[in-house]
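These notes are about the structure you will find just below.
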Amino acid sequence: MGPIARMLLDDQPSKGICLLYITPLRALSRDLAVAIQEPITAMNWPLRVGTRNGDSSSSERSKQLKSPPQILITTPESLSLLLSNPKAEELFSNLETVVLDEWHELMGSKRGTQTELCMSWLRQQRTSLQIWAISATIGNLEQAARHALGTGAEPKIITGAPARNTTIRSLLPDTIDGFPWAGHLGLRMYETLVAALSPGISTLLFTNTRNQAERWHQCLRFACPEMEGALALHHSAIDRREREAIESAVKSEEIRWVVCTSSLDLGVDFQPVEQVVQIGSPKNLARLLQRAGRSAHLPGGTSQIYFMPTNALELLELSAVRRGIQQGLVEQRIPPTAPLDVLLQHLTSLACGPGFDPDQTFAVIRSCEAYVNLSQSDWLWCLQFLEHGGECLAAYPRFRKLEFDAEKKRFRIREGAIARLHRLNIGTITAAPAITVRFVRGAVLGHVEENFISQLKPKDVFFFSGRQLEFVRLRDMTAYVKMSKRKSRTVPAWAGGQMALSDLLTHHLRLEVDRAARGELDTDELKALQPLFERQQDLSVLPRIGQLLIETCSTREGTHLYAYPFEGRFVHEGIGFLWASRLTSLERGTITVSVNDYGFELLAPKNYPMAELLEDHYDLLLKHSNLESDLQNALNLSELQRRRFRSIAQIAGLMNRGFPGSSKSSGQLQISASLLFDVFTRHESENRLLNQARQEVLDDQLELSRLEAALKRAAEQEWLHVPTPRPGPLAFPLLAERLGSRLSNESLQERLQRLIDQAVKAEQ
């Protein structure tokens, strides 16, 4: 209301955009537009509100450029697109205020870096610009403020809002045996979930992945046929018009239950929603708080959330989450450091628009907290790369994007065709190419990944967008389908489905295991897990704080090592391959690695001296010096770097997804990226983008800092090596993880049940 009041105090309302509101979600844009428009309409103020994002029509965008609204709600990608317009300076000449909503969601990714760069350009145009960054769930407030405002201003942090009351209730199974596995509860507990729901209570049911959302929606339709018409599915792969219709129906209370993903967990105002269900571990505290906040979304409301575990050990995670929330804790968001691919894209956008002065722009870029340490040599490399194609690509005109206008002392785009292609590929989200799914005669349903569709044959049936569909044909990146009554368990899977426990949550998880080891079962979740803890104590031990548990055993499969650092999936992946490499350097052999959030398994051939090597060389396994070079030997870092380079090359503009109607397939993109990677590797080994790919693999994929801290912690802990007759309760989920990746005509549950029966028989 402050920025609106300033606009109204002017004798003549300003032309052009005065208030810019940036949100991470398109669904959030629609809600904000309605909320801001309400007082304007009621008071008949002479102000216009507009939204601009990927869902906006081309005609609407053209109107906004000709006659911009005073208040514009947009996303980082659409803002970058506006900066690439030649009229960008005029468009923002009267800008007074920028609001960065849900800043924590943007700050921890390249979308946040993209936003920072846009803010630096806006601050350059409007030195008196006021910037607000809003977040309810962020642990590093000072750092977040500096990244929002830049280095030239001292931020003012406003806190003190009363804490929202959150009531968490776990849906516990009647019994828990000593053999948990992934999916052991999950869908098999649907009757417990249905019993906790009421058709008269508006409920959002959150899952962590789109695949999981599709399966749970299918399950609830089967279990509750009376909810037909009042049950909906919402995720980002579903067509925009259907998503908007669902959101509207929730607000009007026509739809009572919605199975959804993170597409609805940020700031969307659903006041009729009375309760939230979290299916599966949220993996961090902030995510659960955000989702809980969708219920009773009004001042003084108490958020109601049910937790539905998908395996027994997730109850241990929920106990840690519950305790962390009680202590008012929330995770930090660590922003990327000077990603050059985002900078290259931003400079190209500016060159497509008003152009940029290299000297002035260098100073402006360094006013961003993310680029405060950008070196002169890196800056000159970026300019040379964009103007001449760098050392390797100078012979190809399409890589020579910029030219210097000596008269105006600005870099500008070389050709209109390059500008048009660049605008179509602006953004830092580099998902696999999407295949549109539509009826043979009818509407678009949404989109799935190319890899999934490529595995289907005509007449195959799959479940998508809440419908049973028969695949008819694929043409021009569009999958044509029709409704089918034939049943199928096939559901699309999308990339990026796995999430690891946050660093904060792993710390509290270790504390929960320590409480269980001491017999302090003081939460409902720990009490429910008592049979599992007792079986673990019978076969092995539960580690205390300051102890690292390692179990070894032999089975018909071979020699097993199970280690439980409780550090999260990605850290365990790094440690697992590191240990496998160090063990095989002592004794040759083939070792298979399986990981989850609690630990990892190393499986070697029979008679491999795992226990002996462990006892004699534990100091080698825990060594954390020369970690990068050891990881290079343990993992195919070059291949991981090659995969990461594809995303970087796409953001930097070295390759593109093509024009509408002629998009490139994932295979074409992969070939283009591989060719560029090989050229740079052979002829420009110190290419900045190659180095960035390597650093991102180490920092983001392998979480090198967490991995190093985990090894240091393990080196300081008491070493508990326990030989066991067979895999115990903590080991069983790792066993399931490995079996799940094998091809078999038996279901995973059939194979696991056979193993359980064998274990129970052995105990008897």
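The values are calculated or read from the model by the stated rules, or taken from the named source; none is laboratory data. For clarity, every value in this text was computed on a predicted model and none was experimentally measured. No Cβ is skipped: glycine too gets one built from the backbone with ideal geometry, and neighbour counts run over all protein chains shown.
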(request) Scan the stretch 6-57 for residues that are touching a residue at least 60 places away in the same chain (Cβ under 8 Å), buried (at least 20 other Cβ atoms within 10 Å of the Cβ) and not in a helix (DSSP H, G or I) and jot them down. (result) Ile17, Cys18, Leu19, Leu20, Tyr21, Ile22, Thr23, Pro24, Leu25
(request) Report yes if some residue within the stretch 508-523 is in contact with a strand residue (DSSP E or B) (Cβ under 9 Å, 6 or more places away or on another chain), more than 30 Å from Gly328 (Cβ to Cβ) and crowded, with 16+ Cβ neighbours inside 10 Å; otherwise report no. (result) no
(request) Inspect the stretch 247-269 for any residue being assigned to a loop (DSSP other than H, G, I, E, B) and under 21 Å from Ser488 (Cβ atoms) and give the result as yes or no. (result) no
(request) May I ask you to say which residue of Glu737, Glu703, Glu696 is modelled with pLDDT under 90 and surrounded by 21 or more Cβ atoms within 10 Å (Cβ to Cβ)? (result) Glu703
(request) Give, as residue ranges, the helices (runs of 4 or more DSSP H) completely inside the stretch 283-377 that count at least 1 residues that are within 30 Å of Ser80 (Cβ to Cβ) and assigned by TED's automatic domain parsing to the domain that holds His147. (result) 340-352, 358-365
(request) Of all residues in the stretch 85-106, count the ones that are more than 27 Å from the chain's Cα centre (by Cα) and not in a helix (DSSP H, G or I). (result) 9
(request) Restrict the check to the stretch 487-504 and report whether at least one residue is assigned to a helix (DSSP H, G or I), of a type in the set (A, V, I, L, M) and more than 31 Å from the chain's Cα centre (by Cα). (result) no
(request) Any chance you could count how many residues in the stretch 290-307 are farther than 20 Å from Gly200 by Cβ, surrounded by fewer than 24 Cβ atoms within 10 Å (Cβ to Cβ) and at pLDDT 85 or above? (result) 1
(message) outside any helix (DSSP H, G or I), crowded, with 19+ Cβ neighbours inside 10 Å and in contact with a Ser or Thr (Cβ under 7 Å, 6 or more places away or on another chain): is that true of Phe463 in this structure?
(response) yes
(request) Give the residue, chosen from Asp378, Asp357, that is surrounded by fewer than 18 Cβ atoms within 10 Å (Cβ to Cβ) and either in contact with a helix residue (DSSP H, G or I) (Cβ under 7 Å, 6 or more places away or on another chain) or at positive phi (or both). (result) Asp378
